[in-house]
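What follows is a short report on a single structure.
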Amino acid sequence: MRNNYPIKFGTDGWRAIIGKDYTFANLKIVSQAVADYLGSNKRVVIGYDCRFMSDSFALAVAEVLRNNGIKTVLSDRPVPTPCVSFTVKKRSFDLGIMITASHNPAEYNGFKIKVSSGGAASPEITGKIEALLGVNPVKESVVTNLEITKENLSQDYVGFIRKYIDFKKIKNKRFRVLVDAMHGSGDSYIADILKGSKIKIEFLRNEFNPWFGGVRPEPVEENLKVLIERVKKEKFDLGIALDGDADRIACVAPGGVFISPQKILGLLALHLHQDKGFTGGIVKTIAGTTMIDKIADFLKVKLYETPVGFKYISELMEKEDILTGGEEAGGMGVKGYIPERDGIVAGLLLIEMMVYRNKNILKILNEMEKQFGRYYYLRKDIQLKKKIKLKKENLPKDILGKKVLQVKDYDGFKLICEDDSWLMLRVSGTEPIVRVYGEAKSLARSKKLIAYGSEMVLPDAL
């Protein structure tokens, strides 16, 4: 039955182009499937981001759930996705739904599902929901006396984070931080959480703009030119960029030095373990940097590796003792919170790390790379004109003069060479894109790896 509908849950929820596959009709069909999966007498909280018509889409979802006898709480304003995840866990909702397409271009919207722990719905759960698509007609009329309750979900979220970070230690420091909200729902949360402290927060692109100023709200280096320039020119101690629903992060150090999510994960692991005394393992994805292996070995903690997608990290955070987990796209999760990523919390922990060590982030970053090595990590996205399947046959035995020692193929193909450099090819789970990843101890080799991988993909992609 599910193959009759253009609704498919990928790496992180269902995403589609507004007006094409992302329509009120399809949204109601997937909402009915969620209601059928849950059954009546359940409780669901719904949030939405700043995208075009997200508030109207969220209300449509709430109405279908209400019509199925499910008690529904709807956010009264745009919120970060982790705010919904936090609310689900804190208030023991059966499920959370977030209307967002995260970092996708403005023409997209989406539908994320959070389970009772606050973590992302597993493939098993989303598979069951897909199997229920169209099984029952959408309940359009009200057959219950339940009302949709609109609430401010932000207050408890902000209050918890103020307690989670060491606010007492932070409040008298005078670091200057520039936050690029990328027109997303992260908006002014970092300033709200640090209210009453002497940390000076300034904002960039925090105005409401559902078209994101023509730039996809993804915190990658090429989208952060203004943030990089301002941090450099105005001598900020840290720049923080959040994606469209504020669950991902990238950073900029003094001098305009871009700090990739890979390095942020390393910084968080060191801070939580060395400064705060937390224990637990570290989780990275198959597309993660080798530097995390070195840090885990140094800290004598267990290293876990998962497929790409934070839902796999979420599952581990629920089952194992995890210090921190992160993905190359900027999603970071930490111990003692929710088993989900939160760009706002990650950014605040980096501020906290600067306070603990009394250094700006560039000095801390340089110390980390001096100890564990500097790795040059690059990624290139190749837009597809047609769907392709990456082929395992005829993979190279050596790459650019270095022998391939290992091939990992449980999520795309990762070819690891004898000098610790590696090349990876993977089809995106949310967009018609092939991602080419490369990492080496020199920028020149990393660039050559990306070029080599692109040549492998292009004949099939065009």
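Within the stretch 199-247, which GluC sites (Glu not before Pro) sit in a loop by DSSP and count at most 14 neighbouring Cβ atoms inside 10 Å?
Details: sites: Glu202, Glu207, Glu221, Glu222, Glu229, Glu234; in loops: Glu207, Glu234.
For GluC sites (Glu not before Pro) across the stretch 199-247 that sit outside H, G, I, E and B with at most 14 neighbouring Cβ atoms in 10 Å, the list reads Glu207, Glu234.
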- [ ] Under 1.5 on a/c is rounded, so check that first for the stretch 1-79, then, if it is not, pick prolate when a/b is larger than b/c and oblate when it is not; a ≥ b ≥ c are the square roots of the alpha carbon gyration tensor eigenvalues.
- [x] oblate
Task: Identified option (computed Cα extents along the principal axes in Å; candidates (1) 66, 52, 42; (2) 66, 59, 41; (3) 61, 56, 53) - done: (2)
Open item on the list: Antiparallel versus total DSSP beta bridges in the chain: what percent is that, nearest 5?
Closed with: 60
Task: Length-normalised contact order for the chain - Cα pairs under 8 Å, 6+ apart - percent - done: 13
Task: Sum of -39500 (n - 2.57) over DSSP H runs of 4+, divided by residues of the chain (222 nm, nearest 500) - done: -10000 deg cm²/dmol
Open item on the list: At a 10 angstrom cut-off on C-beta neighbours, averaged per residue, how do the peptides 378-384, 64-70 rank from highest to lowest?
Closed with: 64-70, 378-384
TODO: Please report, in debye to the nearest 20, how large the charge dipole of the stretch 165-372 is about its Cα centre when each Lys and Arg carries +1 at its beta carbon and each Asp and Glu carries -1 there.
DONE: 1100
Open item on the list: If you average the alpha carbon positions of the stretch 268-336 and of the stretch 132-170, how far apart do those two centres end up, in angstrom?
Closed with: 27
Task: Burial ranking of peptide ranges 130-138, 50-58 (average Cβ count within 10 Å, highest at the top) - done: 50-58, 130-138
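Could you rank the peptides 11-24, 242-255 by their average count of other C-beta atoms within 10 Å per residue, with the highest value first?
Values: 11-24: 18.6, 242-255: 27.8.
Highest mean packing first, the order is 242-255, 11-24.
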TODO: Would you work out the charge dipole size for the chain about its Cα centre, treating the Cβ of every Lys and Arg as +1 and the Cβ of every Asp and Glu as -1, and quote it to the nearest 20 debye?
DONE: 920
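Which order results if His271, His103 are arranged by neighbouring Cβ count within 10 Å, fewest first?
Working: His271 21, His103 26.
Ascending Cβ contact count within 10 Å gives the list His271, His103.
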Task: Dimensionless Rg over Rh [the stretch 187-258; C-alpha; Kirkwood] - done: 0.95
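Only the coordinates and a few stated rules stand behind these numbers; no lab work does. Everything numeric in this text was worked out from a predicted model, so none of it was measured. Methodologically, a virtual Cβ is constructed for each residue, glycine included, from the backbone with ideal geometry; neighbour enumeration extends over all protein chains shown.
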